[in-house]
Amino acid sequence: GKYFFILLMVVRIRPVSKQYAWGRCGAESLVFQLLQKQVTNEKLDDNERYSELWMGTHPSGPSVVDQTGQLLEEYLQGSPYCKLPFLFKVLSIDKPLSIQAHPNKDLAARLHKNFPDIYKDDNHKPELACALTPFEALCGFRPLNEILALISDRGCELAELLGGSSYIESLKQSSQSTEASLADLFGKLMKLDDNEIETAVNRMISRIKEKETHDDFDELVLYTNKHFPGDIGVFCVFLLQHVKLQRGESIFLAASLPHCYLSGNIIECMACSDNVVRAGLTPKLKDSETLCSMLDYTQNPVSVLRGNSIDAYCCSYPVPVDEFLLYRILIEENLSSYTFPVVDDSNPAILLVIQGKAEQSEVNKENSSIALSEGATVFVPPGTTLHFSNIQAPFEAYYCTSKSL
């Protein structure tokens, strides 16, 4: 295997864009901007919503090697890693994504076997979301006592649907674990009739709009309802933690953790899967039965990862899975050259430039120089020392690799 690496070069690859209803439109989308800056065969349409940019070997959006036109997977044929274990993305979010969770490996295998048309592969999908701009999401459950207080104080319409104050009180007094009580509450919410939910949400929205001032929570309820009027997802705001990230901060989403991205631009790294179980804020299939049975009902606060510094210009975002590992390079001052401090002898990587320019060359390799600018995407074989020269700051790039294959 070692000998094969020498034959592989750092090569430009072309990512694939995805258009979904929640993406930003045309030139407002970072995905559109990155594509526009690079010469691609893709005809860009200013009226389309450019939601995601995919980099990797996932069959639903496989990258192509620029020089040869072959799929990256074909380029890697014969090497120990023709399929990359990670999928690397940019997301540009205009309105809420569906409330969703990703299955663990056992459940993914079962879902894929039983419903292959819906669940297209048998892999789990832990993921990391790293903010490129201010970013907001719902992620993980709030503590049960906070949920019950919110419903009692600010969600009388939801309380009524669930069975009134006596039901809320019974959960407060319950001797069962908070996880069991929360599962009971969420299951009950998911089984409610759509028309009843719509009527109750509309009543709540009218009540909130009549208030003279709105705090963060009101704004969040109004925002989700604006995009999905009368949807069950509007009530999910009472149950899920509201997370706000600044540029460079990230969150790790383990399997079975409920989440919903709300707004902003992010880098996303994940295991190579596209499995999603949805329950609200979506025009797509809702599989709330599977979701209720698989969710992680622990109410742990979401940890914000701010990156572990490796040197003055590079940080990593360690995660508890082997399929991916993200590094960020940020050079905001005049620096004539920079050598990326990470050399991985056994795992390939993909480098994406978000802003700035540089000449990238491989140490000890002649004629290996590639001009990098905004939107440039390159495949990096194992054992490569990346060297950047003629840097035009601010230079910001992301490097996604894996820990072990």
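Annotations
- Candidates in the stretch 137-155 are the residues that are in a helix (DSSP H, G or I) and in contact (Cβ under 8 Å) with a residue 24 or more places away in the chain; of these, the one that is surrounded by the fewest Cβ atoms within 10 Å (Cβ to Cβ) is Asn145.
- Scope the stretch 348-368; condition surrounded by 19 or more Cβ atoms within 10 Å (Cβ to Cβ) and of a type in the set (D, E, K, R); matching residues: Glu362
- Filtered residue count, the stretch 281-312, keeping only those that are of a type in the set (Asp, Glu) and assigned to a loop (DSSP other than H, G, I, E, B): 2
- Restricting the stretch 157-170 to residues that are part of a helix (DSSP H, G or I) and more than 33 Å from the chain's Cα centre (by Cα), the residue that is surrounded by the fewest Cβ atoms within 10 Å (Cβ to Cβ) is Ser166.
- In the stretch 300-324, the residues that are among the hydrophobic types (A, V, I, L, M, F, W, C) form Cβ pairs under 6 Å with partners that are open to solvent by 40 Å² or more (accessible area, probe 1.4 Å), at six or more places apart or across chains, as follows: Ile310/Pro341; Cys314/Pro341; Cys315/Asn308; Cys315/Ser309; Val319/Phe252.
- Each residue in the stretch 203-242 was checked for being part of a helix (DSSP H, G or I) and hydrophobic (A, V, I, L, M, F, W, C), and 11 pass.
- Here is the figure for the stretch 369-381: residues that are farther than 17 Å from Leu35 by Cβ, in contact (Cβ under 8 Å) with a residue 40 or more places away in the chain and open to solvent by 10 Å² or more (accessible area, probe 1.4 Å) total 1.
- Condition broken by Arg278, with the remaining ones in (1) in contact with a helix residue (DSSP H, G or I) (Cβ under 8 Å, 6 or more places away or on another chain); (2) open to solvent by less than 10 Å² (accessible area, probe 1.4 Å); (3) in a strand (DSSP E or B) satisfied: (2)
- Test: residue in the stretch 17-32 that is of a type in the set (D, E, K, R) and surrounded by fewer than 21 Cβ atoms within 10 Å (Cβ to Cβ): yes
- In the stretch 38-84, residue farthest from Gly383 (Cα to Cα) [restricted to those that are among the hydroxyl-bearing types (Ser, Thr, Tyr) and in a loop (DSSP other than H, G, I, E, B)]: Ser51
- Within the option set Ser98, Ser17, being of a type outside the set (Phe, Trp, Tyr) and either over 29 Å from Asp231 (Cβ atoms) or touching a residue at least 40 places away in the same chain (Cβ under 8 Å) (or both) holds for one residue only, Ser98.
- Here Lys95, Lys89, Lys120 are screened, and the one residue that is modelled with pLDDT of 90 or more and surrounded by fewer than 22 Cβ atoms within 10 Å (Cβ to Cβ) is Lys95.
- Considering (1) at pLDDT 95 or above; (2) of a type in the set (Gly, Ala, Ser); (3) open to solvent by 40 Å² or more (accessible area, probe 1.4 Å), the lone condition that Ser336 does not fulfil carries the number (1).
- In the set Thr213, Thr178, Thr199, only one residue is among the β-branched types (Val, Ile, Thr) and surrounded by 17 or more Cβ atoms within 10 Å (Cβ to Cβ); that residue is Thr178.
The values are calculated or read from the model by the stated rules, or taken from the named source; none is laboratory data. Quick caveat, the model's predicted, so the values are computed rather than measured. Backbone-built Cβ (ideal geometry, glycine too); neighbour counts: all protein chains shown. For the accessible areas, the whole protein counts, side chains as well, though only heavy atoms, and no ligand, DNA or RNA atoms are used. Shrake-Rupley method; radii C 1.70, N 1.55, O 1.52, S 1.80 Å.
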